[in-house]
Amino acid sequence: MRATVMYGAHDVRVENVPDARLMEPTDALVRVTRACICGSDLWPYNSMAPSAVGNRMGHEFIGVVESIGADVRTVKKGDLVVAPFAWSDGTCEFCQQGLQTSCLHGGWWGGTTLDGGQAKVTLPEGTQTGRQFRLRGKGMPVLRGGGMHGDLYIEIAVETPVKLCKRQKELLREFDQLNDEGCNPASESWLAKAKSFLNPAAKN
């Protein structure tokens, strides 16, 4: 699956990582249906020291339970769940006092060994910014719907990179050459922005 990984301040990449899976009998596998960018992401985004392995990002999400471990008792497959930025088991002395972020058996989403909260959507080739999709039956559960799910609506937003390594610039130039050979994308808006970034003189 695809994951957002932060390697340092202002260095965020989208990469292929192993699919999420049950690792402990107390785990639940959740399919993310709604997520957000948290303000706390801005702290490492502006200050994180460079890392060779990176930290997976993503927390505070809503999703549907896809499968559960053998020891899970309070949720079942198909349940709608809400996840805060930390997880806890609700059984330790801290949880019983309402201090779930200090759970003796809990922790924090993301990092080098644990997935963040993520969603994956496969897009058709040539998808452009502003394109909207309706994913039937992939949304939140319908109240009293007998296990049915509503539809999920998404809109695509493609952002122009603000920092490219040498190899990325070379690949972009190769893409530009292919464009000159007649392999035009459906829209050149993104390419025009990228070319302007690489060659500011082209704006004039």
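The values are calculated or read from the model by the stated rules, or taken from the named source; none is laboratory data. This is a predicted model, so every value here is computed, not measured. Note that we place each Cβ from the backbone using ideal geometry, even for glycine, and neighbour counts take in every protein chain shown.
Whether any residue in the range 33-49 is within 22 Å of residue 106 (Cα to Cα), surrounded by fewer than 16 Cβ atoms within 10 Å (Cβ to Cβ) and at pLDDT 85 or above is what I want to check. Scanning the range 33-49 turns up no residue that is within 22 Å of residue 106 (Cα to Cα), surrounded by fewer than 16 Cβ atoms within 10 Å (Cβ to Cβ) and at pLDDT 85 or above. Looking at the range 52-77, which of its residues are surrounded by 12 or more Cβ atoms within 10 Å (Cβ to Cβ) and more than 19 Å from the chain's Cα centre (by Cα)? Matches in the range 52-77: 67, 68, 69, 72, 75, 77. Test residue 144 against the criterion of being under 17 Å from residue 34 (Cβ atoms), modelled with pLDDT under 85, exposed (fewer than 11 other Cβ atoms within 10 Å of the Cβ) and not assigned by TED's automatic domain parsing to the domain that holds residue 34, and give yes or no. Considered against the rule, which asks whether it is under 17 Å from residue 34 (Cβ atoms), modelled with pLDDT under 85, exposed (fewer than 11 other Cβ atoms within 10 Å of the Cβ) and not assigned by TED's automatic domain parsing to the domain that holds residue 34, residue 144 comes out as no. Only one of these conditions is not met by residue 112: (1) under 23 Å from residue 32 (Cβ atoms); (2) modelled with pLDDT of 75 or more. Which number is it? Here residue 112 meets the rest and fails (2). When you check residue 66 against the structure, is it of a type in the set (Asp, Glu) and farther than 19 Å from residue 108 by Cα, yes or no? So residue 66 fits the description; yes.
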